[in-house]
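Quick note: the coordinates plus some simple rules give every number you see, no bench work behind them. Quantities reported herein were computed from a predicted structural model and do not represent experimental measurements. Every residue, glycine as well, gets a Cβ built from its backbone with ideal geometry; the counts of neighbours run over all protein chains shown.
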Amino acid sequence: MERPHKIGGFCLSSMIAGGFFLFAVFFAVISPIKAEAAASLYVSPPSGTFTVGSTFTVSIYVNSGGQSINAVEADLKFPADRLQVVSPTTGKSLIQVWVSQPTYSNLDGTMKFQGTIPSPGINTDSGLISTVTFRVKSVGTASLQILDSSQVLLNDGLGTNILGQTTSGIYYLVLPAPAGPIVTSRTNPDQSKWYSTHQVVFEWSAPSDIQGYSYILDQDPSGEPDDISEGTNTRVVYDKLADGTYYFHIKSLRQGAWGGITDYVVNIDNDPPAKFTIDFSPGDTTSNHRPIIDFTTTDKTSGLDHYELKIIPLDMPLAVTTQNDTPFFIETQPPYSQQLADGRYDVYVRAYDKAGNYYQAESRLTITKPIFEFLSPSGLSVNGFTLGWAYTVVLGLLFLALFGYFGYKAWTWHRLIEESLEHGPHKHPVVAEKLEELKKKQKEYGSSGGTTTALLTQNDIDGKEPPGSIGGTGLMILFALVISLALFGHAVKAQQNATGNVSVEPPIVTLFPKSISNDEIFYIGGRAGAPNAKVYIYLQNVDTGSALNEIAVTDVSGAWFYSFPQFLTAGRYIVWTQLKVSDALSSPSPQMNLEVAPTAIQFGGNRFSYQDLYFVLLLIFLAAFCALLAFIIYHSYHFRIKNRRLSLAIAAAEESIRRGFSVLRRDIEEELSVIRKVKLNKELSTEEKIREEKLTKDFEDVNRYVGKEIWEVDKEEKDL
């Protein structure tokens, strides 16, 4: 029975030992994982609401992530216009040695804490670095940010930065509850919003026992009025205030004692956002039916609120059929993209600030066929460069003249070759001179070589083309012309709501084209002081006196827009509007001048823009270029073929002449041989001596000629 007991005891002890072993292994595995946890910096409290003039305290903590750290650097940023550091405290801190004393700047809104902990460092999940007291300067939202330059260094002898997370604080800053009169403002009813106004009106309650009020308007949220009464009036108006944030402070005098102070904040911004331009990608003239419309700007006072955009088609029938398909303006964010049909568009973008002011930018966009992409109203456009139509025409005429000259030269050379072939190679100046010399010598010596003067047969002409043929010149000219045409081709490619009283004031025009032509639809738009009211639009031609009268209807916000259903004739116009609400008609609005440029021509029922005419003119130029090029190629080709034939014929003729001179040389040589034999037997007479001298001279001339011709033939064969 003891044996089982021992076995059981052994098993129990083995299980306990195994448990300790597994625990050790588990601890060994877990420890490295825990050691790899990142440290973090955070502030406390992370949020809160505080009143202007009060103070609050924020503490900066470090969590070492279960590791030993020996150095901390915490860099913080706060809004200097809303918060002010009273003092940072370092009395209670895990930092034992400050590398430098904590620093702060109320001008830049920055703080810096940098210190170390001697070895073995510290392992903590909420180690206090420092405590900072802030004073609230103005209303709004303040963010206390821990910057990316902050560090938490591991106590590993290497100074490893293990900071992995930061948590900033967000604080809401408000005015204290009224301690004095209850103040309202009809011009700036919401203290948290911005308003576009130069005049601010304040009103407050007036209990019967109030003896007077003291108030002041300044830009100090902690300002206080003096103890001098301004009277018992319950209303005050401030005019011509500059942009910015103002605080109205007021207190009341009752039974000889001044009461608490009420503060009221007003935000004023009368300036629109900064000017900006509209950019189109890939360009303002493109075949891309979904271009990218980009725009951006800033506002220095209240800040940007939103963008609005409107795309107005200028071509029929799209301009009329779509004028009511989309809202007056749509709210959007850059960049914006929309599928557009072929045509021209005026694009308007409005940038609004938080006070409702806006700046409006306008630009022209043209969607066209790829072949028309390089055509613009001002000229040929290639990669952003525009060559005016006048320069384009001059350049085209120069190219036509150049091509015409080359065509004339090609035709002339062709005709010369044809004439030479018609007359035969023996009429060619080079051959004719040699042939004439050969005939003269043959007649003198009576050589049988005269038979070589017969006309060459077709078999003689169809021989191999000798080198040195001028046909290569035609190819060089043709190559130069093709390159010129290619370079030229590359260059070418190269409101008010419906409640309350309606003010019958003239409509305000905010959409009016800067320029328009007689092949573009005229449009006009703006805002009126009443919803669902009629806007009468008057358009009068100054030159002819004819007038048009159209009606637009305002929407629920008072916005209105109208595209005229037909093109306007070229000329000068004046435009004005009137608003009709029920039976009341406003006075006419100020007149606006409109110049309609004559960029289209009417042929019966058809209308052609100058851009169409430019395109037709360009087609005519291209057709002329192609015709001239074909003419040059044709005559250059036939010139080369016929020049080869002529060269072969001339070569054959010259070879025959050379053979004739060879025969003639043989005859002269035989006659000289006879004279020399006679000279051995007797003395020559005077006539015989003269004959000998002449034969010797002719022999040398013929010999040099034959030798020269043989040398030229040998050289030509080597060149081949």
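Before moving on, here are some points about what is shown:
- Whole-Hz ³J(HN,Hα) from phi, Karplus 6.51 cos²θ - 1.76 cosθ + 1.60, for the range 158-175, glycine and proline x: 10, x, 6, 7, 10, 6, x, 8, 10, 10, 8, x, 10, 10, 9, 10, 10, 7
- Sequence of 655, 433, 683 once ranked by neighbouring C-beta atoms within 10 Å, starting from the fewest: 683, 433, 655
- Residues with amide H under 5 Å from that of residue 50, placed H, sequence gap 5 or more: 172, 173, 174
- Residue exposure sequence - 192, 208, 150 - by fewest surrounding Cβ within 10 Å: 208, 192, 150
- A cut-off under 14 angstrom between Cβ atoms defines the neighbours of residue 672, and their net charge, with Lys, Arg +1 and Asp, Glu -1, is -1.
- Counting only Cβ charges, +1 for Lys and Arg and -1 for Asp and Glu, the dipole size of the range 183-268 around its Cα centre is about 280 debye.
- Each residue of the range 140-155 was assigned a 3J(HN,Hα) from its phi angle through the Karplus expression (A = 6.51, B = -1.76, C = 1.60, θ = phi - 60°), giving x, 10, 10, 10, 9, 9, 8, 6, 5, 6, 5, 9, 10, 9, 6, 7 Hz with x at Gly and Pro.
- The charge dipole of the range 279-373, taken about the Cα centre with unit charges on the Cβ atoms of Lys, Arg (+1) and Asp, Glu (-1), comes to about 40 debye, rounded to the nearest 20.
- Compared with the alpha-carbon gap, the fully stretched path from residue 580 to residue 701 is longer by 32.2 nm at 0.36 nm per residue.
- In sequence order, calculated HN-Hα J values of the range 262-269 (Karplus, 6.51, -1.76, 1.60; Hz; x Gly/Pro): 9, 10, 9, 9, 10, 10, 10, 8
- Each other residue within a Cβ distance under 15 Å of residue 235 adds +1 if Lys or Arg and -1 if Asp or Glu, for a net charge of -2.
- Cα-based reach from residue 275 at 13 Å (exclusive), listing aspartates and glutamates while leaving out same-chain residues under 8 positions away: 299, 353, 362
- Taking every C-alpha pair closer than 8 Å and separated by at least 6 residues, the mean separation divided by the residue count of the range 279-373 gives a relative contact order of 38 percent.
- Greater than 30 Å apart at Cα, pairs in 310/534; 300/514; 92/193: 92/193
- Each Lys and Arg Cβ is given +1 and each Asp and Glu Cβ -1; about its Cα centre, the range 109-228 then shows a dipole of about 360 debye.
- Dipole of the range 37-174, positive end: most advanced residue of 129, 50, 109 [Cβ charges, Cα centre]: 50
- Amide H within-cut-off set for residue 332, under 5 Å, with H built and near neighbours excluded: 307, 308, 309
- Amide H to amide H distances under 5 Å link residue 518 with 597, 599, 600, where only residues 5 or more positions off or on other chains count and H is placed in the peptide plane.
- The range 508-589: relative contact order in percent, alpha carbon pairs under 8 Å with at least 6 residues between: 33 percent
- Surrounding net charge for residue 365, when Lys and Arg each add one and Asp and Glu each subtract one, Cβ distance under 10 Å: 0
- Whole-number percent relative contact order across the range 146-276, with pairs defined as alpha carbons under 8 Å at least 6 apart: 27 percent
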